[in-house]
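In what follows, a structure is listed as structure tokens, so that the remarks can point back to it.
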Amino acid sequence: MDCIFCAIKNGEIPSKKVYEDESVYAFRDINPQAPTHILVIPKEHIPSADAVTEKNADAVAKIFCAIPKIAAAEGLKNGYRLISNVGKDGCQSVPHLHFHILGGIQLPEKMS
Ligand code: 5GP
Ligand code: ZN
């Protein structure tokens, strides 16, 4: 399968890793949209949040356990925004589930 984020998590494409455990990989976005912009992905290939099921929910839960650790390590004491774009209308450009952590600045109130 040709998936850019699977290639990143496998080390076939270089990335600036910020966190890794047995089921989660996190790295800096190549085109940051905030002072801190990190992508958190499951190592398991899940196409999007729309493909989450009881069967793969553990991998998703592990992501949510990793996010507070990543945020603390990044010093995001005042909070951050978590985004997961889904499909065409959501402007998802990489079809491997990922959560954007955006922070390090007061983000705009408007989300769309
Ligand atoms: P999406 O648009 O699917 O929600 O987010 C995909 C994100 O992946 C974008 O913010 C984009 O900048 C980032 N991205 C795409 N290709 C690469 C890459 O090769 N390396 C890194 N670090 N980020 C990437
Ligand atoms: Zn993938």
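The values are calculated or read from the model by the stated rules, or taken from the named source; none is laboratory data. Given the structure is predicted, the values throughout are model-derived calculations rather than measurements. Don't worry about glycine lacking a Cβ; one is built from the backbone with ideal geometry, like all the others, and counts go over all protein chains shown. Keep in mind that these areas ignore ligands, DNA and RNA; they rest on the heavy atoms of the full protein, side chains included. Shrake-Rupley method; radii C 1.70, N 1.55, O 1.52, S 1.80 Å.
For the reader, a short list of remarks on this structure follows.
- Projected label distance in nm at TYR19 and VAL52, using a 7 Å step from Cα toward the beta-carbon: 1.5 nm
- For the chain, the share of accessible area belonging to carbon and sulfur comes to 53 percent (1.4 Å probe, ligands and nucleic acids excluded).
- Max mean-square fluctuation residue, GNM over the chain, Cα-Cα springs under 10 Å, options LEU39, LEU76, LEU102: LEU76
- Assigned charges on the beta-carbon of Lys, Arg, Asp, Glu; segment 56-96 dipole about Cα centre (debye): 100 debye
- Count, lysine Cα pairs under 15 Å in the chain, 8 or more residues apart or across chains: 7
- Shape parameters for the chain, alpha-carbon atoms, Rg then Dmax in Å: 13.5, 39
- Placing +1 on the Cβ of every Lys and Arg and -1 on the Cβ of every Asp and Glu, with nothing else charged, gives segment 4-96 a dipole about its Cα centre of roughly 300 debye.
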